[in-house]
Amino acid sequence: MGAWGTDVFDDDTSLDVFDDLMKSKDQAKFVVDSLTAPVPQTLDDGEIDYSDSFEKMISAILLAIWLDFDTKFPLAKVKYSGYIADRIEETYGSVKDSPDFQELKKQGQFLKDQAKQWLKSLSENPELSELCELWMENSENYKEWKENIDWVIDFVS
């Protein structure tokens, strides 16, 4: 695990996923596709791998900000570093007029509900979530990590 802290963006893989998403030409479509995927309920449904966990977390953060930019972006700007906040602000400027963004807005409540299900599953179920399993092995920091995920869940609400 390439983490140096317990927040969403305190991990090498998270920053890689974030940078890949920032370079994508279809950012709104990426977020919609990421969050509309069925949330696994059992191992038969599949495991949530390490990088997929970050994809879901970052998609949830972007969704919340994009749907209510004037309220959510200032909160995100306080929570996350200048680089992360600056890139998020840039993405909003580039996606807000796209057809995919209009689709994202139409599905807003459904996507929020999906995002919360994904976040709960990847942070509370070590049998399904590789990331959760790794954090639970580090009992000293699991609670703080889980609080950061819970912050994102509340942020999406």
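Nothing in this text is a laboratory measurement; each read-out follows from the coordinates by a stated rule. The structure displayed is predicted, hence computed values, not measured ones. Positions of Cβ are backbone-derived with ideal geometry, glycine not excepted, and every protein chain shown enters the neighbour counts.
Overview of values
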{"item": "Under DSSP loop assignment and at most 16 Cβ neighbours within 10 Å, longest trypsin sites (Lys or Arg not before Pro)-free interval of the chain", "result": "26-95"}
{"item": "Dipole magnitude of region 1-117 about its Cα centre (Cβ charges: Lys, Arg +1; Asp, Glu -1), debye to nearest 20", "result": "600"}
{"item": "Of LYS23/LYS112; LYS120/LYS143; LYS23/LYS56; LYS72/LYS106; LYS29/LYS105, pairs whose Cα-Cα distance is over 20 Å", "result": "LYS23/LYS112"}
{"item": "Amide proton proximity set for SER129, modelled H, under 5 Å, gap of 5+", "result": "ILE48"}
{"item": "Relative contact order %, region 12-156, counting alpha carbon pairs below 8 Å whose residues are six or more apart", "result": "33"}
{"item": "Structure-based [θ]222 nm, the chain - -39500 (n - 2.57) summed over DSSP H runs of at least 4, per residue, nearest 500", "result": "-23500 deg cm²/dmol"}
{"item": "Rg to Rh quotient for the chain, alpha carbon positions, Kirkwood Rh", "result": "0.94"}
{"item": "GLU47 versus ASP100: modelled label distance in nm, points set 7 Å from Cα along the beta carbon direction", "result": "2.9"}
{"item": "Lys/Arg +1, Asp/Glu -1 at C-beta; region 108-157 dipole; positive extreme among PHE110, ASN148, SER129", "result": "PHE110"}
{"item": "Net charge over other residues, Cβ less than 15 angstrom from the Cβ of PRO99 (K, R count +1; D, E count -1)", "result": "0"}
{"item": "Computed lengthening from TRP4 to ASP19, 0.36 nm per intervening residue step minus Cα-Cα distance", "result": "3.6 nm"}
{"item": "Fewest-first ranking of VAL39, VAL32, using other Cβ atoms within 10 Å as the exposure measure", "result": "VAL39, VAL32"}
{"item": "Potential lengthening between GLN117 and ASP150 on full extension [0.36 nm per residue; Cα-Cα distance subtracted]", "result": "10.7 nm"}
{"item": "Between helix 139-156 and the chain: long-axis angle, C-alpha atoms, 0 to 90°, nearest 10", "result": "30"}
{"item": "Degrees, to the nearest 10: 108-124 long Cα axis against longest axis of the chain", "result": "20"}
{"item": "Per-residue ³J(HN,Hα) for region 68-79, Karplus 6.51 cos²θ - 1.76 cosθ + 1.60, θ = phi - 60°, Hz, x for Gly and Pro", "result": "8, 4, 5, 8, 7, 4, x, 5, 5, 5, 6, 6"}
{"item": "Karplus-derived 3J(HN,Hα), 6.51/-1.76/1.60, for each residue of region 86-97, Hz, glycine and proline x", "result": "4, 5, 4, 4, 4, 5, 4, x, 8, 9, 4, 9"}
{"item": "Angle in degrees between helix 50-67 and the longest Cα principal axis of the chain, rounded to the nearest 10", "result": "40"}
